[in-house]
Amino acid sequence: MSSGPIIEVKDLVRKFGNRTVLNGISFTVEKGDTMIIMGGSGCGKSTLLRHIIGSLTPTSGSIKIFGKETTTMSPKEMEALRLRFGMNFQFGALLQSLTVGENVALPLIENSKVDPEIIDLVVKMKLELVGLTGFENLKPAEISGGMRKRVGLARAVALDPELLFSDEPTSGLDPIMTAVIDQLTLDLTRKLDMTAVVVTHDMTSAFRIGTKMIVLGAGKRAGTIIASGTPDDVRNSPDPEVQQFIKGEPDGPVPLKLAPEDYIDRLLGHERSKGKAY
Amino acid sequence: MAGLSQFFSLNAQILYWIFVAPLRGKPGVRPFAVFHQMVRIGVQAVPMVALTSLSIGVTLAMQGAHELARMGATSFVPDLLAISLLRELAPLLTGVVVIGRSGSAITAELGTMKVSEEIEALEVMSINPIRFLVAPRFLALVIMMPCLVVFSNYVGFVGGWLICQFALDMNALSYILRLVDSASGMDFFSGMIKSFVFGWLIAVISCQKGLNVTGGAEGVGQSTTNSVVLSILVMLVVDALLTACFFFIESPTT
């Protein structure tokens, strides 16, 4: 295996229609890193993650995972590559027709030839990790959103992947559970040498687990990286937008309101009122 | 046009996962999933198919008897029933029932999975959604449609018998003999071929519409409606084409 970076993203651009969501993103993730992707809601964090896992194809740019270019990869190669990483979706994305236990067992049943008894054991172990022992036989609809998320994480690590992607793993969890999930991510990356890419806008969590960070901008700088480096680099970034984001201030470079003189115009403006009936 | 090429590519992928993938040592379609779908699509449709078939058998016998009585030929009612049920009405009505019950359910189910990222999650776990979700539904429909049509034939004949026995003074034995006498093997097989083709089309159309859903709950509803409408349309057109094929194959002059 090559000793280069695990993930290498270069000049990634993605346009939806004429809206540029990602505009020249470049970063690398080394083995054992926990890369945090931060940024305001709707700035393209999840879109960036979707490109890295190969669900979306970029307009231009290159993405290399384990040294292999994924943007031009055949579906077959992609399938093999995907066995080496786990993805924890924002809302869990559990199969509603299966129980919690079956959901966690799914990657094992489908992608390995393991004995059912061992699968059972692994499922219990993984659920124990996320603090959901005894919930195996419930359906995803019968547990809370935060629990679903944790089942999603258990499923993502079921095959002990080398690389873990997590889309807002702690949003909607209580502070204690957030700490548990953070501790779990730390354990996996520090002890098992797993590499992780975590999308979050929870600052406490980000600085607790991150070894590297990138911050995506908003407004005029949407879709570009406005700060990157170690957590300390980002914390000490001179960029006022980054500071506003870290400190969670309502007003700053990202304005709370647009200019007040336009307010009446925007309220009474006709271009919007012709839209939908409600 | 894009829809049509997608339709054929979906067909190819389904056939690949059913027939080619197991030979290449890849995981094939799970039998349990197929049985599960067969129960949902086939077994649970039995009461509804029974009711529609019984009604159409009774109706057909009454309508036929009414017309044939004017020529004093009510003894030909079983002939009428045999031809129209075996060749046409049983496959068509079963098709409509299956579209309404299962086709719509498949589209709604796959569509909901699509909008709630479940399909994407499967892909990211290297589980091919065609193999895991589409192929079992396809197999179940292709297997259960002909079974349901055989059942529908029988129930339809029972409906016809009710009229013949109690309104036309024809006893059960002569009804059955007349039926067996008038129905040919081709009548039965053309119905079977139709039901197989209908099952195939319903499966692929419903799955394609489901996998294409975008735009949340509204999108799921829209696609489900489209799927039902398109399935019925395609079924009727293909029915006409197949009937034309059979018509020329067994051309009436010989």
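Read-outs: derived from the displayed coordinates by stated rules, not from any lab. Keep in mind it's a predicted model, so treat the numbers as computed, not measured. Cβ: placed from backbone, ideal geometry, glycine included. Neighbour counts: every protein chain shown.
Take every residue in peptide B:113-121, count the Cβ atoms of other chains within 10 Å of its Cβ, and give the average of those counts.
6
So if I place +1 on the C-beta of Lys and Arg and -1 on the C-beta of Asp and Glu, and nothing else carries charge, what would the dipole magnitude of chain B be about its Cα centre? I want it in debye, nearest 20.
About 500 debye.
For B:W17, B:W200, which order do you get if you count the other beta carbons within 10 Å of each Cβ and list the fewest first?
Going from sparsest to densest Cβ surroundings: B:W200, B:W17.
What ranking do B:24-30, A:185-191 get when scored by the average of other Cβ atoms within 10 Å per residue, highest first?
The most tightly packed comes first, giving A:185-191, B:24-30.
Add +1 for every Lys or Arg and -1 for every Asp or Glu among the other residues with Cβ under 10 Å from the Cβ of A:T99, and state the total.
Combined, the nearby Lys, Arg, Asp and Glu give -2.
Report, for chain A, the % of DSSP beta bridges that are antiparallel, rounded to 5.
If we restrict to bridges inside chain A, about 50 percent are antiparallel.
If you count, for each residue, the other Cβ atoms within 10 Å and average over each peptide, how do A:112-119, B:144-151 line up from highest to lowest?
B:144-151, A:112-119
Going by how many other beta carbons lie within 10 Å of each one, how would you line up B:S231, B:S75, fewest first?
B:S75, B:S231
Work out the mean other chain Cβ neighbour count within 10 Å for the residues of A:87-100 and drop it here as an integer.
Mean partner-chain Cβ count within 10 Å for A:87-100: 4.
Could you give me the ³J(HN,Hα) list for the range A:63-74, computed from phi with Karplus coefficients 6.51, -1.76, 1.60 and θ = phi - 60°, whole Hz, x at Gly and Pro?
These are the phi-based 3J(HN,Hα) values: 10, 10, 10, 6, x, 10, 5, 9, 5, 10, 6, 6 Hz.
Provide the packing ranking of A:206-213, B:177-184, B:130-137, B:36-43, i.e. peptides ordered by the mean count of other C-beta atoms within 10 Å per residue, highest first.
B:130-137, A:206-213, B:36-43, B:177-184
What ranking of A:T178, A:T195, A:T230 emerges when the number of other C-beta atoms within 10 Å of each C-beta is taken as an exposure proxy, fewest first?
Sorted ascending by nearby Cβ count, the order is A:T230, A:T178, A:T195.
Could you pull out the pairs from A:K76/A:K212; A:K68/A:K191; A:K149/A:K247; A:K15/A:K68; A:K64/A:K139 whose alpha carbons sit more than 29 Å apart here?
Table pairs above 29 Å Cα-Cα are A:K76/A:K212; A:K64/A:K139.
At 222 nm, what value in deg cm²/dmol follows for chain A if DSSP H runs of at least 4 each add -39500 (n - 2.57) and the sum is divided by all its residues, to the nearest 500?
The helix contribution divided over chain A gives -9500 deg cm²/dmol.
What relative contact order, as a whole-number percentage, does chain A give when Cα pairs under 8 Å and 6 or more residues apart are counted?
The normalised contact order for chain A reaches 23 percent.
Separation of the range A:65-130 and the range B:137-213 by C-alpha centroid, Å?
With the range A:65-130 and the range B:137-213 each reduced to a Cα centre, they are spaced 43 Å.
Any idea how far the Cα center of the range B:74-110 sits from the one of the range A:171-205, in Å?
Cα centres, the range B:74-110 to the range A:171-205: 56 Å.
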